[in-house]
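Peer 1: Sharing a structure, written as structure tokens. Questions coming.
The values are calculated or read from the model by the stated rules, or taken from the named source; none is laboratory data. Note that the coordinates shown come from a computational prediction; the quantities given were computed from them, not determined experimentally. Heads up, the Cβs are rebuilt from the backbone with ideal geometry, glycines too, and the neighbour counts pull from every protein chain shown. The protein model used for the area step is the full one, side chains on, heavy atoms only, and it has no ligands, DNA or RNA in it. Shrake-Rupley method; radii C 1.70, N 1.55, O 1.52, S 1.80 Å.
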Number of protein chains: 2
Amino acid sequence: MNIGEAARASGVSAKMIRYYEETGLIRPAARTAAGYRTYGERDAHELRFIRRARDLGFPVAEIAELLALWRDRSRKSADVKRLAAERAAEFRRKIAALEAMAKTLEHLAACCAGDDRPDCPILEELTGGNAGGAAASPDARAQ
Amino acid sequence: MNIGEAARASGVSAKMIRYYEETGLIRPAARTAAGYRTYGERDAHELRFIRRARDLGFPVAEIAELLALWRDRSRKSADVKRLAAERAAEFRRKIAALEAMAKTLEHLAACCAGDDRPDCPILEELTGGNAGGAAASPDARAQ
DNA sequence: CTTGACCTTGCCATTGTGGGAAGCCCCATC
DNA sequence: GATGGGGCTTCCCACAATGGCAAGGTCAAG
């Protein structure tokens with residue numbers, strides 16, 4: 001399998017496959033005489049695994065842990081469970097922060113006349129007041 | 001006010017103040033003969049505004065819009081309201097995606113025995129199955 | 001043999017933030 | 001007046017993860 005085929009088979013872009021190789025997430029692929037990377041079914045499988053884990057929001061660093069556990073036939077399921085639970089908890093925290101921000105913004109939007117006049121409670125809040133009490137903590141900025 | 005004082009007064013780090021200046025979000029500060037940036041109360045105010053908007057999750061590009069509206073005495077409150085509503089809607093979308101991911105992970109964790117044995121439904125799901133039907137769309141990766 | 005699709009590497013950009021180095025400046029204290 | 005510490009300046013590097021582009025080599029079909 002070429003890198004392009006592996007990309008189509010796994011849903012990971014060729015660019016990302018090279019990146020994952022470069023950063024050590026996956027092992028360097030075998031090469032043809034001409035220098036082309038070649039992949040087998042097992043590699044495609046691993047890439048698909050990575051893709052799914054990314055879709056579930058695992059950061060690459062954690063996927064490395066998951067991959068190690070995956071490769072280790074004698075792993076303890078508890079280790080995997082812990083990672084999944086931690087990730088889920090982190091999502092819950094993020095969700096709560098985003099929820100607070102959304103509520104604040106919706107509150108501000110609701111208070112705003114939304115007409116042609118210049119007075120706008122949104123800007124007034126932003127200017128100096130406490131932003132609705134729902135403003136997130138300093139490090140909770142999303143995006 | 002020095003840049004350090006302005007930073008303390010606004011909650012925006014000196015580093016970020018320079019960055020905002022460099023990228024045109026704020027106007028270049030006046031300088032002393034020695035090249036030190038100086039800030040007035042108005043500048044600190046503006047920085048505080050930026051800080052709050054960041055805390056509410058506005059990307060910098062949008063803060064530029066908000067700032068322009070803020071500076072414009074004849075703005076229409078509707079314009080501001082629209083921005084707030086759009087941002088809130090975006091948060092709602094993000095929340096939904098994260099919610100789906102959290103649910104999937106919690107489901108997987110719940111199915112996992114979490115003991116010393118190697119069989120783990122989490123890894124099996126990641127390997128090939130449909131990841132719980134709650135997996136987010138390709139571009140919904142958080143973080 | 002040509003052509004087009006594919007591969008290679010390498011560099012740049014993104015977003016927002018932090019870290020650090022090298023060098024200059026200001027103020028207080030001795 | 002000298003000296004020291006802390007603050008300021010600029011510039012470069014780094015992160016995470018991804019996309020894009022360019023120059024050049026390669027493969028396979030016509």
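Peer 1: So which residues in the stretch A:65-81 are within 12 Å of A:GLU46 (Cβ to Cβ) and surrounded by fewer than 18 Cβ atoms within 10 Å (Cβ to Cβ), if there are any at all?
Peer 2: A:ALA68, A:ARG71
Peer 1: Can I ask one more? Select from the stretch A:18-27 the residues that are open to solvent by 90 Å² or more (accessible area, probe 1.4 Å) and away from DNA strand D (no atom under 11 Å from the Cβ) and list them in ascending order.
Peer 2: Hit for the stretch A:18-27 is A:ARG27, nothing else.
Peer 1: Let me ask something else. Within the stretch B:1-27, restricting attention to residues that are within 14 Å of chain A (Cβ to nearest Cβ) and of a type in the set (A, V, I, L, M), which residue is farthest from DNA strand C (Cβ to nearest atom)?
Peer 2: Top of the filtered list is B:ALA9.
Peer 1: Out of everything in the stretch B:31-45 that is more than 9 Å from DNA strand D (Cβ to nearest atom) and more than 12 Å from B:ILE3 (Cβ to Cβ), what residue ends up being most open to solvent (accessible area, probe 1.4 Å)?
Peer 2: B:ARG42
Peer 1: With the structure loaded, tell me whether B:GLY57 is more than 30 Å from A:GLU90 (Cβ to Cβ) and open to solvent by less than 40 Å² (accessible area, probe 1.4 Å) or whether it fails that test.
Peer 2: no
Peer 1: Determine which member of the set B:ALA9, B:ALA14, B:ALA97, B:ALA29 is hydrophobic (A, V, I, L, M, F, W, C) and touching a Gly at 6+ places or on another chain (Cβ under 8 Å).
Peer 2: Unique residue meeting the criteria: B:ALA14.
Peer 1: Scan the stretch B:28-41 and give yes if some residue there is within 15 Å of B:ARG54 (Cα to Cα) and in the same structural domain as B:GLU62 (by TED's automatic domain parsing), otherwise no.
Peer 2: No, because not a single residue in the stretch B:28-41 is within 15 Å of B:ARG54 (Cα to Cα) and in the same structural domain as B:GLU62 (by TED's automatic domain parsing).
Conditions (1) at the interface with another protein chain (Cβ under 8 Å from one of its Cβ atoms); (2) within 12 Å of DNA strand D (Cβ to nearest atom), marked per residue:
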{"residue": "A:ALA29", "(1), (2)": "no, no"}
{"residue": "A:VAL60", "(1), (2)": "no, yes"}
{"residue": "A:ILE63", "(1), (2)": "no, yes"}
{"residue": "A:VAL80", "(1), (2)": "yes, no"}
{"residue": "A:GLU90", "(1), (2)": "no, no"}
{"residue": "A:GLU106", "(1), (2)": "yes, no"}
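Peer 1: Could you name every one of the helices (runs of 4 or more DSSP H) located completely within the stretch B:1-103 that has at least 3 residues being touching a residue at least 24 places away in the same chain (Cβ under 8 Å)?
Peer 2: In the stretch B:1-103, the matching helices (runs of 4 or more DSSP H) lie at B:3-10, B:41-55, B:60-71.
Peer 1: If you don't mind, there's one more thing I want to ask. Return the residues of the stretch A:83-119 that are open to solvent by less than 20 Å² (accessible area, probe 1.4 Å), at pLDDT below 80 and touching a Ser or Thr at 6+ places or on another chain (Cβ under 9 Å); say none if nothing qualifies.
Peer 2: Listed by number, the list holds a single entry, A:CYS112.
Peer 1: If you take the residues in the stretch B:65-78 that are of a type in the set (Lys, Arg) and facing chain A (nearest Cβ under 7 Å), which one is nearest to DNA strand C (Cβ to nearest atom)?
Peer 2: B:ARG75
Residue-wise test of (1) closer than 21 Å to A:ARG87 by Cβ; (2) within 18 Å of the chain's Cα centre (by Cα).
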site: A:SER10; (1), (2): no, yes
site: A:LYS15; (1), (2): no, yes
site: A:ARG18; (1), (2): no, no
site: A:PRO28; (1), (2): no, no
site: A:GLU62; (1), (2): yes, yes
site: A:GLU65; (1), (2): yes, yes
